[in-house]
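Chemist: Structure in structure tokens, see below.
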Amino acid sequence: MIHVTRITIGIAVVGAFALAVATTTTLPSPNDLITKAKDSGLESIPAGKALTQYQQQKLKETGIASGYSPLLTKEQIELGKKLYFDPRLSSSNLISCNTCHNLGLAGTDVVPAAIGHKWAANTQNLNSPTVLNSVFNDVQFWDGRAHHLGDQAQGPIENPVEMSAPSKLAVEKIVSIPEYTQEFKKAYGEKVKIDFKLIADTIALYEMTLVTPSRYDKFLNGDTKALTKAEQDGLDTFIEKGCTSCHAGINLGGSMQAFSVVDTYKFEKIGGFKGDKDGLVKTPTLRNIMQTAPYFHNGQYWEITDAIKEMGRIQLGITITDKEAQSIATFFKSLDGQMPSVTYPLLPPVSSKTPKPTF
Ligand code: HEC
Ligand code: HEC
């Protein structure tokens, strides 16, 4: 068996003397690393039937589109996709979910703070998290205020600095488009009641399909060659440093955790976001992290290695060297997943009854 040796040099300053202490740690064998990763709470994305079961379980727990069955049908998902891409759900007819969660850009917008209605920035300078894999989050939003995707999707439609369409207007617009009414009937049956909740829930059904399995999942599932030695080394560093105490589960994140645990976040003043009432923040997923800069709730870091070092400093009270940060970043590359294939949907035309855009 081949063991790769990693050398960590720690310098302890004692009085006037500086002692160099060299310790060697050994990279576990691939199979041992898989066990170690699982013991640290890391999980792969469920595949095939297991994914369907996971989605159906989530639907049961959350009440998304409750009262209708079956759920997650092709018709519902296709309709949810149209609504996701439809800017007419905004009062200006210009902003869709895809504006800020661009599926061609790993579900993000590549700006520090989201920009919405009338070019207004998020009032707390909040960055748009990716929608990819959001089905695996325990809670949604940086302060975790939404418990599921259906609940979540109502927020941005109404938010004055996002899509700025009061629920009544959003429903009027959809119902005024004859093809949409037809498609809701096809998706849920003739008796469907097209209300604001069902519109948001239908978008949520589409979002539930946006999952991105990666080489990292293959590795966790036992394909020991799926990660290079350098990536395995990075995964081991990630675990050894203690990152998995918060970045675990299927999403390597998704749960509420303390922020600025041992030191203060360097850019805490920008936007004034303080987390939930207990100061907790939703730990972002690290899946596709190499594609979702800028980082942190107010998008102040563009370099992943800087973000990694900041995490060590403020969350763990440790100094992460350039080499270690690089190693973790090498591992992060393996979290780039297979993107859902998205064909841009053709959206049905407005009718004379459709409310006109307002700015
Ligand atoms: C103007 C930009 C903008 C638009 C438009 C927008 N969002 Fe967001 N989205 C954000 C921001 C910013 C956040 C974080 C806000 C917060 O935490 O308070 C967010 C959060 C989310 C989250 C939570 C993800 C997580 O990890 O916590 C989901 C899911 C989401 N949006 C889906 C949607 C959907 C669906 C739509 C369309 C109905 C939409 N967004 C429209 C900017 C936007
Ligand atoms: C105590 C819990 C905790 C620990 C430990 C922790 N993190 Fe985090 N991490 C968070 C939270 C919470 C956030 C979101 C903070 C914010 O933006 O307000 C975050 C954000 C991040 C981000 C930015 C993600 C994005 O999309 O903006 C990266 C990258 C990251 N962490 C990597 C790491 C690494 C690497 C380690 C180990 C060195 C680590 N974290 C340790 C909780 C933790």
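Chemist: With a cut-off of at least 3 residues that are surrounded by fewer than 22 Cβ atoms within 10 Å (Cβ to Cβ), without any contact (Cβ under 8 Å) to a residue 40 or more places away in the chain and more than 16 Å from ligand 2 (Cβ to nearest atom), name the helices (runs of 4 or more DSSP H) lying wholly within the stretch 133-222.
Modeler: 167-175, 178-188
Chemist: Please specify each residue of the stretch 150-170 satisfying the condition of being more than 8 Å from ligand 1 (Cβ to nearest atom) and of a type in the set (Gly, Ala, Ser).
Modeler: Gly150, Ser164, Ala165, Ser167, Ala170, listed by residue number.
Chemist: Another question, if that's okay. Working only within the stretch 299-322, note down all residues that are in a helix (DSSP H, G or I), without any contact (Cβ under 8 Å) to a residue 40 or more places away in the chain and either farther than 19 Å from Gly253 by Cα or charged (D, E, K, R) (or both).
Modeler: The answer is Asp306, Lys309, Asp322.
Chemist: To continue, here is another question. In the stretch 235-248, is there at least one residue being over 22 Å from the mean Cα position of the chain (by Cα) and within 8 Å of ligand 2 (Cβ to nearest atom)?
Modeler: yes
Chemist: Within the stretch 270-291, take every residue that is over 16 Å from Gln140 (Cβ atoms) and β-branched (Val, Ile, Thr) and give me the one that is nearest to ligand 2 (Cβ to nearest atom).
Modeler: Of everything passing the filter in the stretch 270-291, Ile289 is nearest to ligand 2 (Cβ to nearest atom).
Chemist: I'd like the residue in the stretch 294-304 that is buried (at least 18 other Cβ atoms within 10 Å of the Cβ) and away from ligand 1 (no atom under 15 Å from the Cβ) and, out of all such residues, is nearest to Asp336 (Cα to Cα).
Modeler: The residue in question is Ile304.
Chemist: What's the number of the condition Ala121 fails, among (1) in contact (Cβ under 8 Å) with a residue 60 or more places away in the chain; (2) surrounded by fewer than 20 Cβ atoms within 10 Å (Cβ to Cβ); (3) over 20 Å from Asp201 (Cβ atoms)?
Modeler: Exception for Ala121: condition (1).
Chemist: Here's something else I'd like to know. Out of Val342, Val281, Val262, which single residue is at pLDDT 95 or above and away from ligand 1 (no atom under 16 Å from the Cβ)?
Modeler: Val262
Chemist: If I ask for residues that are part of a helix (DSSP H, G or I) and within 26 Å of the chain's Cα centre (by Cα), which ones from the stretch 323-352 would you list?
Modeler: The answer is Glu324, Ala325, Gln326, Ser327, Ile328, Ala329, Thr330, Phe331, Phe332, Lys333.
Chemist: Within the stretch 38-49, does at least one residue satisfy the condition of being in a helix (DSSP H, G or I), in contact with an Asp or Glu (Cβ under 7 Å, 6 or more places away or on another chain) and either at pLDDT 95 or above or not small (Gly, Ala, Ser) (or both)?
Modeler: no
Chemist: Quick one: in the stretch 65-109, of everything that is among the β-branched types (Val, Ile, Thr) and touching a Ser or Thr at 6+ places or on another chain (Cβ under 9 Å), which residue is farthest from Ala293 (Cα to Cα)?
Modeler: Ile77
Chemist: Still on this structure, I have one more. Return the residues of the stretch 322-359 that are surrounded by 13 or more Cβ atoms within 10 Å (Cβ to Cβ) and in contact with a strand residue (DSSP E or B) (Cβ under 9 Å, 6 or more places away or on another chain); say none if nothing qualifies.
Modeler: Glu324, Ser327, Ser334, Leu335, Asp336, Gly337, listed by residue number.
Chemist: Restricting attention to the stretch 249-285, which residues are surrounded by fewer than 20 Cβ atoms within 10 Å (Cβ to Cβ), aliphatic (A, V, I, L, M) and not in a strand (DSSP E or B)?
Modeler: Those that are surrounded by fewer than 20 Cβ atoms within 10 Å (Cβ to Cβ), aliphatic (A, V, I, L, M) and not in a strand (DSSP E or B): Val261, Val262, Ile270.
Chemist: Here's another thing I want to ask about it. Sort out which residues of the stretch 305-321 are of a type in the set (Val, Ile, Thr), surrounded by 20 or more Cβ atoms within 10 Å (Cβ to Cβ) and closer than 19 Å to Gln291 by Cβ, and write them in order of number.
Modeler: Result: Ile308, single match.
Chemist: If I ask for residues that are assigned to a loop (DSSP other than H, G, I, E, B), more than 12 Å from ligand 1 (Cβ to nearest atom) and under 20 Å from the mean Cα position of the chain (by Cα), which ones from the stretch 69-109 would you list?
Modeler: Scanning the stretch 69-109 gives a single hit, Ala106.
Chemist: I'd like to verify a number: residues in the stretch 292-307 that are of a type in the set (Val, Ile, Thr) and more than 9 Å from ligand 2 (Cβ to nearest atom), how many?
Modeler: So the answer is 1.
Chemist: Just need a number here: residues in the stretch 52-68 that are at negative phi, more than 22 Å from the chain's Cα centre (by Cα) and without any contact (Cβ under 8 Å) to a residue 12 or more places away in the chain.
Modeler: Matching residues across the stretch 52-68 total 1.
The values are calculated or read from the model by the stated rules, or taken from the named source; none is laboratory data. Not measured: the values here are computed from a predicted model. FYI the Cβ positions are ideal-geometry reconstructions off the backbone, even for glycines, and counts take in every protein chain you see.
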